[in-house]
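Each reported figure results from applying straightforward, stated rules to the coordinates on display, with no laboratory input. The structure displayed is predicted, hence computed values, not measured ones. Ideal geometry is used to build each Cβ from the backbone, glycine not excepted, and the neighbour counts take in all protein chains shown.
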Amino acid sequence: MAPQGEDVIVPDRKLEMILSMKGGNGKGSYANNSQAQAKHARSMLHLLKETLDNVQLKPASEVPFTVADLGCSCGNNTLYIVDVIIKHMIERYEYSGYVPPEFSAFFSDLPSNDFNTLFQLLPPIAKGSMEECLATDNHRSYFVAGVPGSFYRRLFPTRSIDFFHSAFSLHWLSQVPESVQDKRSPAYNKGRVFIHNANEQTANAYKSQFQRDLAAFLKARSQEMKRGGSMFLVCLGRTSPDPTDQGGPGILFGTHFQDSWNDLVLEVIMIHSSSFFVYIPSLSFKWFADNPFRRSCRIHGLITSEKRDTFNIPVYASSLQDFREVVEANGTFRINKLEIFKGGSPLVVSQPDDATEVGRALANSCRSVAGVLVDAHIGDQLSEELFSRVEHRGSSHAKELLEQLQFYHIVASLSFE
């Protein structure tokens, strides 16, 4: 039997010190499992460019035009988007008859982010004039800096940023709400590792945490953004008014991922009159519970139910109303556009009929975004076991996963005047 999870939990560490997408270039890394995010981002480029057209040009300024990507992670997606932003702004300057300024880009994420992998992907900066930079392939035309820290606090000097971009990040909460992990609270998320299908008190705790976090995010950006600047934000959204129905994220984290945690809790039974163990898949435990011989048995798990219950995915897919309430309460940003955008499936597979590939895609998708948190909570060995079960369950439900697992995104275009 594998070591118990209690021996490996990382104690008393704030979420922001361990949360990150899976780094490196391995099979479960974010860099190798963010094709869906790339596809979704490209489908929204027209909305990004509309937001860039709202940025006021400052031809007389001697300071560079500064872009900040918040929640940059560690793959090529952030570099692609920054290239799009800067090239579009150069075109705007030239169309208006102005000489383009110098450009700088800040890539920001939590200190635990794999900045090394990100910076290794950066092309070298081009030399010479702006025209020469644009004519040079595989070079960048902007200066770069990394900024570690939580975007729920200040990151940049006052009035220093022209354009903020953040995609697929704001649904991550600054913390799991304390009441969700408090056994004495009605919001205690017993038996679950995600908000999906949780009780109303749990859902309200997640919603309140999301709105507090978004309010803090907007307050910080209102101090850092230059007058006439704009912001383009994309985060997971939902179409249901019910926060316990998390849609695509609910299917991703609240079904096969959830069941795999339950597998670790309910692993085997031992019949007292015998000396052997019997593996019982979790789907068979109802049968086991309904049989009279259960009193002669003892259930053994790889982790305790409490260990499962103290793990919660700190993600909230917001409704448009949840989001709008916070922006309007902040009062410093004009809403140019706020809508729900259908992003599609997070699973990118070359052979949809191959159930094994679908299962592997599900496991890697979960691992790439939540693997670091799982590792910290139950250790590498049990984490490997958990995601192996996610893969197996995904393969067993491949067809319905491809049909049902769809993400929606909230797209917000905001201007600061």
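What FRET efficiency comes out for Gln201 versus Gln406 if R0 is 22 angstrom and r is the Cβ-Cβ distance? Round to the nearest 0.05. Walk me through the numbers on the way to the answer.
Details: r = 28 Å, r/R0 = 1.27.
For Gln201 and Gln406, the calculated efficiency is 0.20.
Given a cut-off of 18 Å, what percent of all Cα-Cα pairs of region 317-395 lie beyond it? Don't jump to the answer; show the numbers that get you there.
Values: 1832 of 3081 pairs.
Within region 317-395, distances greater than 18 Å cover 59 percent of Cα pairs.
Please name which of Val348, Val315, Ile335 has its Cα lying farthest along the dipole of region 309-360 towards the positive end, using unit charges on Cβ (Lys, Arg +1; Asp, Glu -1) and the Cα centre as origin.
Final value for the positive-end residue is Ile335.
Compute the label zone of Ser96 within region 47-68: residues whose backbone N is under 17 Å from the point 7 Å along Cα-to-Cβ.
49-67
Under a plain spin-label model, where a point goes 7 Å from the Cα along Cα-to-Cβ, how far apart in nm are Thr239 and Thr158?
4.6
What FRET efficiency comes out for Arg212 versus Lys183 if R0 is 30 angstrom and r is the Cβ-Cβ distance? Round to the nearest 0.05. Present the calculation step by step, with values, prior to reporting the outcome.
Numbers: r = 23 Å, r/R0 = 0.76.
Calculated value: 0.85.
Pairs Lys58/Lys87; Lys87/Lys207; Lys337/Lys399; Lys39/Lys87; Lys219/Lys342; Lys39/Lys226: which are spaced more than 26 Å apart, C-alpha to C-alpha?
On the way: Lys58/Lys87 16 Å; Lys87/Lys207 37 Å; Lys337/Lys399 35 Å; Lys39/Lys87 20 Å; Lys219/Lys342 28 Å; Lys39/Lys226 30 Å.
Result: Lys87/Lys207; Lys337/Lys399; Lys219/Lys342; Lys39/Lys226 exceed 26 Å.
Which FRET efficiency value, to the nearest 0.05, is calculated for Asp353 and Thr304 with the Förster distance at 35 angstrom and r the Cβ-Cβ distance? Numbers along the way, then the final one.
Details: r = 39 Å, r/R0 = 1.12.
FRET efficiency, Asp353 to Thr304: 0.35.
Cβ under 14 Å from Ser395's Cβ, Ser395 left aside: what net charge do those residues give with Lys, Arg +1 and Asp, Glu -1?
Details: positive: Arg360, Arg389, Arg393, Lys399; negative: Asp259, Asp353, Asp354, Glu357, Glu391, Glu400.
Net local charge, Ser395 excluded: -2.
Using Cβ contacts closer than 10 Å as the measure, can you line up Glu91, Glu224, Glu400, Glu391 from fewest to most? Mind dumping the intermediate values first?
Details: Glu91 14, Glu224 19, Glu400 11, Glu391 22.
Sorted ascending by nearby Cβ count, the order is Glu400, Glu91, Glu224, Glu391.
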